[in-house]
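The next block holds one structure in the form of structure tokens; read it before the comments.
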Amino acid sequence: MPVAVRLPVEELQRFVTEVFLRTGLSEEDAAISAEILVAADVRGFDSHGVARLDYYVRRIEAGAVNLRPRFHAVAETPATIAFDADNGMGFPSAYRAMRRCIEKAQESGLCLATVRRSNHYGIAGYYATMALEVPGMIGVSMTNATPLVVPPHARDAYLSTAPIAFAIPAGKERPLVFDGATSTVAWGKIEIARRNRQPIPLGWALDAEGRPTTDPFAARFLTPLGAFPELRSHKGYALALLVEVLCGQLAGGVWAKYVGGSRSETIGPSNTGHAFMAIRIDAFRPLEEFLADMDDMLGELRRARPADGAERVLVPGDLEAETEAERRANGIPVHPEVLATLREIATRYGVPLPA
């Protein structure tokens, strides 16, 4: 496997910010976009970090993204708000929507926010964890994307990976944080396997004829969560449809079959949709009691007896938190192929790449 090069987190974030600035984003949008993009690498989601920078830059260069959008609310009640992103970058659009969702939840106890006419927003987990910055708040985030997932019994892709993320605070224990696709894996896992020239596990993907494949270069579609080996499971399929409805029909946008992006024949607006939720815990019960109960549950899970061959029992979010601590201390590992792409971008825009 090729040896990755470590780049300091702060320097990599400055590099990405400057690249976004030179593509034409405003200072605020460039800073928000860079922070969220690099956060994926920091937390160990290498498939959604700087490896995707070229994708965002190419869409901006092609004029597919509105660099000066009018992000605005189109409908609002005390506990809901619907936004139109005006085809702006997904990162700042989603960030602003979640920030406003949290503010409204502080007032009303609960808020559901939707966003239409946006673009790819990176990792869903970033926005869910924004809620943890406010004491006593739970965050939920989800998005649709381009069609990659084949429904059970179908031959073609109709659904996106439709990720769902949530972040729930605890008292003394580490928070419960989950960020995952409703497909068996995210497409980024296929991209990583291609870069490393490694086979993928059977059940992750299907080839152009809809047959299961272990060849990442033959992979064209993904399977719904829990759909292998019989390829008929309804569970990931149903969860994906929930995401599609909240981010598509409810948001006033399109569902995955009609979302544009990396697989479109022509480059244009993607019409991606997002949905966010913020829940103020003390609107339901005393916060201290909730946090104590969370500590009891998470503590018991982490102290559970490990099975043979396992070192310990983890709670969702543990590995990401440990990865973040390690990478902030030692830098982000960047694959040589990704580094080569970053060098090309650095040369094109005259931005020095971190040493």
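Condition check ((1) open to solvent by 30 Å² or more (accessible area, probe 1.4 Å); (2) out of contact with any Asp or Glu (no Cβ under 9 Å at 6 or more places or on another chain); (3) among the β-branched types (Val, Ile, Thr)) across all residues:
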position: ASN271; (1), (2), (3): yes, yes, no
position: PHE276; (1), (2), (3): no, yes, no
position: MET294; (1), (2), (3): no, no, no
position: MET297; (1), (2), (3): yes, no, no
position: ARG303; (1), (2), (3): yes, yes, no
position: ALA310; (1), (2), (3): yes, yes, no
position: GLY317; (1), (2), (3): no, no, no
position: TYR349; (1), (2), (3): yes, no, no
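Of the residues GLU133, GLU103, the single one that is surrounded by fewer than 23 Cβ atoms within 10 Å (Cβ to Cβ), more than 30 Å from ASP296 (Cβ to Cβ) and among the acidic types (Asp, Glu) is GLU103. The set of residues from the range 53-70 being charged (D, E, K, R) and surrounded by fewer than 19 Cβ atoms within 10 Å (Cβ to Cβ) comprises ASP54, ARG58, GLU61, ARG68, ARG70.
Yes or no, residue by residue, for (1) closer than 23 Å to GLY49 by Cα; (2) more than 17 Å from the chain's Cα centre (by Cα); (3) part of a loop (DSSP other than H, G, I, E, B):
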| position | (1), (2), (3) |
| --- | --- |
| GLU173 | no, yes, yes |
| VAL177 | yes, no, no |
| ILE190 | yes, no, no |
| ILE200 | yes, yes, yes |
| PHE217 | yes, yes, yes |
| TYR237 | no, yes, no |
| VAL243 | yes, no, no |
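Candidates ALA64, ALA105: the one that is of a type in the set (Gly, Ala, Ser), in a helix (DSSP H, G or I), on the phi < 0 side of the Ramachandran plot and more than 20 Å from the chain's Cα centre (by Cα) is ALA105. Taking the range 114-130 as the range and being open to solvent by less than 10 Å² (accessible area, probe 1.4 Å) and part of a helix (DSSP H, G or I) as the test, the residues that pass are ALA124, GLY125, TYR127, ALA128, MET130.
Count of the range 327-337 residues, restricted to those that are surrounded by 12 or more Cβ atoms within 10 Å (Cβ to Cβ), of a type outside the set (Gly, Ala, Ser) and at pLDDT 95 or above, is 5.
Looking only at the range 68-91, count every residue that is touching an Asp or Glu at 6+ places or on another chain (Cβ under 8 Å), without any contact (Cβ under 8 Å) to a residue 60 or more places away in the chain and part of a loop (DSSP other than H, G, I, E, B) and tell me the total. Result for the range 68-91: 5. Contact map, the range 336-355: residues that are under 13 Å from GLN13 (Cα atoms) paired with residues that are open to solvent by 50 Å² or more (accessible area, probe 1.4 Å) and part of a helix (DSSP H, G or I), Cβ distance under 7 Å, separation 6+ or inter-chain. Pairs shown: VAL351/GLU18; VAL351/ARG22; LEU353/ARG343; PRO354/GLU11.
If you check ASP46 against the conditions, is it touching a residue at least 12 places away in the same chain (Cβ under 8 Å), under 15 Å from TYR126 (Cα atoms), of a type in the set (Asp, Glu) and out of contact with any Leu (no Cβ under 8 Å at 6 or more places or on another chain)? Yes: the conditions hold for ASP46. Among the residues examined, PHE221 does not qualify as within 15 Å of the chain's Cα centre (by Cα) and open to solvent by 30 Å² or more (accessible area, probe 1.4 Å).
The values are calculated or read from the model by the stated rules, or taken from the named source; none is laboratory data. Keep in mind that this is a model prediction, so the values were computed, not measured. Neighbour counts run over all protein chains shown; Cβ positions are idealised from the backbone, glycine included. These area figures cover heavy atoms from the full protein model, side chains too; ligands, DNA and RNA do not enter into them. Shrake-Rupley method; radii C 1.70, N 1.55, O 1.52, S 1.80 Å.
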